[in-house]
Amino acid sequence: MVALERQVFDFLGYQWAPILANFFHIIIVILGLFGTIQYRPRYIVVYAVWTALWVAWNVFIICFYLDVGGLSKESDLLTFNISAHHSWWSEHGPGCVRKEMPAASVRGPDSQAYISVMGCLLEYQYIEVLHSAFQILVALLGFVYACYVVSAFTEEEDSFDFIGGFDPFPLYHVNEKPSHVLLKPTYLST
């Protein structure tokens, strides 16, 4: 649900890189849930590996919005340089008052407006950082849960009793002939 919420706000801001990352994340979460329901540890391992990548992606997003390491929140990196859109929260954050002023030079259907935003209770970059931090927290909890489920499934497979196959003391005992008796040739006497 948290990934779907994030996907909606990234769609509203035309943030194409996060939209793709969120899409893959949603698919892998569904795969992990399917693996849990169907007792498929491999699917859960795929989810666990993806979770590590998801944490790295969210650390990148935090660094991006906090301008760490040469990254700039003003760049068009997250939109693949396709558009000049930025985070939806930059204009629609809590308490923000948005004012549009039309461009003075060209009037027409394609004219751009300058948008002024004032009075925000929380700046948009901090909202994005909080979103990513919450995603990291959920991903770490998911990783721990995935590791637990995989260990429980593999432990269950190792202890499964195939009609006394792995049990050192089976519930019932079948009298079998020793193997050296089975290998002795028998001679017919006439």
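The values are calculated or read from the model by the stated rules, or taken from the named source; none is laboratory data. Since we're looking at a predicted model, the values are computed, not measured. Note that we place each Cβ from the backbone using ideal geometry, even for glycine, and neighbour counts take in every protein chain shown. Side chains are part of the model used for accessible areas, which takes the heavy atoms of the whole protein and leaves out ligands, DNA and RNA. Shrake-Rupley method; radii C 1.70, N 1.55, O 1.52, S 1.80 Å.
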Solvent exposure, largest accessible area first (probe 1.4 Å, DNA, RNA and ligands not counted), of VAL138, VAL144, VAL149: VAL144, VAL138, VAL149
Spin-label model distance (nm) - LEU141 vs ASP76, 7 Å beyond Cα toward Cβ: 3.8 nm
Residue-level accessible surface for LEU141, protein heavy atoms, 1.4 Å, Å²: 110 Å²
